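Data first, discussion second: the structure below is written as structure tokens.
A short reminder: the numbers here are calculations on the coordinates, not readings from a lab. In this text the structure is predicted, and so the values were computed from the model without any measurement. Note that each Cβ is placed from the backbone with ideal geometry, even for glycine, and that neighbours are counted across all protein chains shown.
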Ligand code: MN
């Protein structure tokens, strides 16, 4: 961290973890990263610890190989390659969240697609991809802890915003930390709504036209939600 970085960006990245714990996206597991605006071939990710305990001093700089730029003795997330592989494959991605939220887990173990069923879920499209580690790697620990597995996951994400991981969780890509928080939370809300609606009857997903019109998440909506979720933490919104 130095003068070439906006002072708020590290605060936002630390706050994103607390918001996502508070909104039941992260628990003891999961992490959020930010592409370095001053060095697009690097990203910032915390050392391995519970997300609600992460402060800006825990953030480390990583290269696109998934290894820290400066040698460290701190414990590292074994799944940091998820972040490096997606930043390498997607120049448009500025922030990434990997999580195991209970809301999306049923979609990680059934053939039922997670699809956009509400305005705030339009970015999900008609069906999110489901990456199955067994397809290329057979029996694993269901952790994405090698660059090869992460590259395969990034291919499955394609140009989308969210990829489900069979028996594991999901990875969400956004243009900024605040946008990826929006997408992570609202993918869970959409998943909850879809599960409840399916108990009542046949679910009507958004049409392709509705998805196209609603896909781009409005900056004003991202900002409003960030302030709302931040206030729920008991922090004064800026
Ligand atoms: Mn995981």
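List of remarks:
- With each label modelled as a point 7 angstrom along the Cα→C-beta vector, the residue 76-residue 208 pair spans 4.3 nm.
- When 72, 204 are arranged by Cβ crowding within 10 Å, least crowded first, meaning fewest neighbours, the order is 204, 72.
- Taking a point 7 Å out from the Cα of residue 126 in the direction of its Cβ, the residues of the stretch 193-215 whose backbone N falls within less than 20 Å of it are 194, 202-215.
- Residue 199/residue 27 FRET efficiency (R0 35 Å; Cβ-Cβ; nearest 0.05): 0.90
- When peptides 211-219, 50-58 are ranked by their average number of other Cβ atoms within 10 Å per residue, the highest-first order is 50-58, 211-219.
- Rg to Rh, two decimals, where the stretch 125-238 supplies the alpha carbon set and Rh follows Kirkwood: 1.02
- For the chain, the longest principal axis of the alpha carbon atoms and the long axis of helix 219-232 meet at an angle near 80°.
- Inverse of mean 1/r across different Cα pairs in the stretch 37-81, Kirkwood, Å: 11.0 Å
- Rg/Rh ratio calculated on Cα atoms of the stretch 77-125 (Kirkwood radius): 1.02
- Residues of the stretch 1-40 with amide N under 12 Å of the 7 Å Cα→Cβ point at residue 48: 30
- Between helix 80-89 and the chain there is an angle of about 80 degrees, using the helix long axis and the longest principal axis of the Cα atoms.
- Between 109, 208, 199, the Gaussian network model of the chain with springs among Cα atoms under 10 angstrom shows the greatest mean-square fluctuation at 199.
- Förster radius 45 Å - calculated FRET efficiency between residue 145 and residue 57, Cβ distance, rounded to 0.05: 0.95
- Between the stretch 90-147 and the stretch 160-219, the alpha-carbon center distance in angstrom: 10 Å
- With the alpha-carbon atoms of the chain aligned to their principal axes, the span from lowest to highest coordinate is 54, 46, 29 Å, starting with the largest.
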